[in-house]
Structure formats: structure tokens, C-alpha cells
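Q: Sending over a structure as C-alpha cells; questions will come in a sec.
Just so it is clear, none of the values below were taken in a lab; they were calculated from the coordinates. All values derive from a computational prediction rather than experimental measurement. Positions of Cβ are backbone-derived with ideal geometry, glycine not excepted, and every protein chain shown enters the neighbour counts.
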Amino acid sequence: MLAESATRARTREAIIHAAVTVLVHRPEASLAEIALAAQVSRSTLHRHFADRAELERAAVAHSVEAIVRATVDAEPGQGEPLAALARVVAAYVGLGDRIRFLFHDPRILGAHPDLADFGAADGPVMALIERGQLSGSIDAVPSAAWIEQSLWALIYAAAEAVDDGLLPRYAAADTVMRTLVRGVAGGRL
């Protein structure tokens, strides 16, 4: 019984991962295409998810949970602010398709507002930015909210650039940090 539950959980996870990846590239993809990408039959997909809405809801919940988990694992409250920010950026860049899935189409999160609670991620990241501003390691002129919005925009842009072959995956986190910290003028205005 336990092996069956573990197998069922792995299959469900594979379907969700496939849905995220497929829907990022082809939002209109059919459930049959998602099943093919997950390497399961359509009937297996339907044993786990009754319809597209249920699968999409699970993919949103899974992606939001991944962001929250990545935030916690990056330990934004620990250490020097820029080093902590670099850990957060690396964790988020590693989420690639999940970030793109959640934010490429506003209807995705809009259809599931009850799942769009990023408080467990936003709070610690905002506190990290504010801590950096107080220490002087992060510019205090732009608001912490602006910096956080800029961070998310850069993370999304990096995920898209990696996917489009414009940025090597290994360089994505450093590129985001360099752009965020130095800006495009290298710190000169």
C-alpha cells in the first residue's frame, strides 16, 4: 500500500511538473499534450485531475509552495544582506518555469486568488531588503517595495532568457544580482 501511495505521489508530481512546463510554452495546450509530456496516459492524468481547471489549480499551488519553500531554504534573515539576497536570487532563478508559469499570464493567479498568498516569501524578502537599506548595503533611496518588484521582474526576465537560450542557466543568478546591485550603469548616474 505504501509503495502504491509513493508511486501515485510521484505520478501526480510528474503531471504537475509537465503541466507547468507545457503551459509556459503553450498556454492553450491540451490535457493530452500534458499527459504526453508527463509520460502518462490521458486516463492516468484524469485519475489524478478531473479536468484542466483542477490541474491548473494544483500547478499554481505547487508553484507558490515552491517559491515559499525556496525563500525559507535561502534563509534571507541570516548573514550579510547582499549575501542573503544572492541566496534568495539563486533559489528563485532555480524555479525557472514555475516563476514563468505563475507570472506570464495574469489570469493564472487571478483565477486562483486564494492560492496567491506569497506572504511567507514576501515578508522575509521585504525584511531582508529593509535590513540591507538600514545597514547601507542596499540603496535606501528607492523604496523596499520598488526593489522587491524589480527583483521579481529580473527573476522573471532571467527565467525567460535562460529558456530562450539568451542566458546560460549557470550565469542567471549572477546576472540578476549584478543588474540589481550595480544597475545598468555600473553604479554611476
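Q: Assuming 0.692 mPa s and 37 °C, estimate D for the stretch 1-50 with Stokes-Einstein, Rh taken as the Kirkwood radius over Cα pairs, in µm²/s.
A: 300 µm²/s
Q: While we're on this one: Tell me what the chain gives for mean residue ellipticity at 222 nm when only DSSP H runs of n ≥ 4 count, each as -39,500 (n - 2.57), the sum divided by the residue total, rounded to 500 deg cm²/dmol.
A: Helix-only estimate at 222 nm: -23500 deg cm²/dmol.
Q: Just order 36-47, 12-23 by mean Cβ neighbour count inside 10 Å, highest at the front, would you?
A: 12-23, 36-47
Q: Still on this structure, I have one more. Semi-axes of the chain's equivalent ellipsoid from the Cα gyration tensor, sqrt of 5 times each eigenvalue, largest first, rounded to whole Å?
A: Square roots of five times the eigenvalues give 34, 17, 14 Å.
Q: OK, next. Looking at the square roots a ≥ b ≥ c of the eigenvalues of the Cα gyration tensor of the stretch 105-158, which shape do they give, rounded for a/c under 1.5, prolate if a/b is larger than b/c, or oblate?
A: Judged from the Cα gyration tensor, the stretch 105-158 comes out prolate (a/c at least 1.5, a/b above b/c).
Q: Net charge near HIS104: determine it from the other residues with C-beta under 15 Å of the C-beta of HIS104, scoring Lys and Arg +1 and Asp and Glu -1.
A: Local charge sum for HIS104: -3.
Q: Give the Rg (one decimal place) followed by the Dmax (whole number) of the stretch 1-109, computed from C-alpha coordinates and expressed in Å.
A: 15.9, 51
Q: Within the set of other residues whose C-beta is less than 12 Å from the C-beta of SER63, count the net charge using Lys and Arg as +1 and Asp and Glu as -1. Walk me through the numbers on the way to the answer.
A: Details: positive: ARG57, ARG69, ARG98, ARG100; negative: GLU56, GLU65, ASP97.
Summing Lys/Arg as +1 and Asp/Glu as -1 gives +1.
Q: With helices defined as uninterrupted DSSP H runs, which ones in the chain have an alpha carbon span along their own long axis of at least 15 Å and mean Kyte-Doolittle hydropathy of at least 1.6? Please report the intermediate quantities before stating the final value.
A: Working: long enough: 2-25 (35 Å, 0.42); 52-74 (33 Å, 0.24); 81-93 (18 Å, 1.68); 119-135 (23 Å, 0.29); 144-163 (29 Å, 0.78); 169-182 (20 Å, -0.01).
Counting only whole DSSP H runs, the qualifying helices are 81-93.
Q: Kirkwood hydrodynamic radius of the stretch 41-83 from all distinct Cα pairs, in Å?
A: 12.7 Å
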